[in-house]
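Chemist: Below you'll find the structure I mean.
The values are calculated or read from the model by the stated rules, or taken from the named source; none is laboratory data. Every value quoted in this text rests on a predicted model; they were computed, and no experiment measured them. Neighbour counts run over all protein chains shown; Cβ positions are idealised from the backbone, glycine included.
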Amino acid sequence: MKSVVSYLVAAVAVLLVPFNTFAVGLIDDSAVAGGNNEFTNFIANTLSFINNYLVPFVLALAFLAFIWGVFKFFVLGGSDEEKQKEGKSLIIYSLVGFIVILSLYGIISLVVDGLGTGGGTITVPTVPDTI
């Protein structure tokens, strides 16, 4: 179970690296002062997608894992200690998943509120010219 999660996290991290790399090229100096460029829209849309679709989906998966763990612990593991142990570990992992996902939701909400993208656009400050 632990190796699957670590491989999944590593795969997601590797898949997100190109987004960070290519996002640098989206900044247009002429549109930075107005705050209405492709990069700021990309960030706002990404954070919105995570909060509105990804977090509830993963919470639903964690809830299903919790229900399956309870089923394994109480119903399938009636007198079988091995199945009770499997169910108990699944319950613990799903509860840890709940905590992690709700923490992610809180952090993303803080970032969205802190950047001012709750319903508008991000205003990126301009860099003064220095020679």
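Chemist: Give me the residue from the range 66-83 that is surrounded by 17 or more Cβ atoms within 10 Å (Cβ to Cβ) and not basic (Lys, Arg) and, out of that set, nearest to Ser103 (Cα to Cα). Steps first, please.
Modeler: Initial filter on the range 66-83 (surrounded by 17 or more Cβ atoms within 10 Å (Cβ to Cβ)): 66, 69, 72-73, 77.
Cutting the leftovers down to not basic (Lys, Arg) gives us 66, 69, 73, 77.
Values: Phe66: 18, Gly69: 22, Phe73: 27, Gly77: 32 Å.
Across the range 66-83, the extreme among qualifying residues is Phe66.
Chemist: Only one of (1) at pLDDT below 80; (2) surrounded by fewer than 14 Cβ atoms within 10 Å (Cβ to Cβ); (3) assigned to a helix (DSSP H, G or I) is not met by Asp129, so which one is it?
Modeler: For Asp129, the failing item is (3).
Chemist: What number of residues within the range 34-82 satisfy the criterion of being assigned to a loop (DSSP other than H, G, I, E, B), of a type in the set (Asp, Glu) and under 30 Å from Asp113 (Cα atoms)?
Modeler: Of the residues in the range 34-82, the ones assigned to a loop (DSSP other than H, G, I, E, B) are 34-37, 77-80.
In the following step, the residues that additionally are of a type in the set (Asp, Glu) were identified as 80.
Filter once more, keeping what is under 30 Å from Asp113 (Cα atoms): none.
So the answer is 0.
Chemist: May I ask you to list the residues in the range 84-108 that are modelled with pLDDT under 85 and loosely packed, with under 15 Cβ neighbours inside 10 Å?
Modeler: Correct list: Gly106, Ile107.
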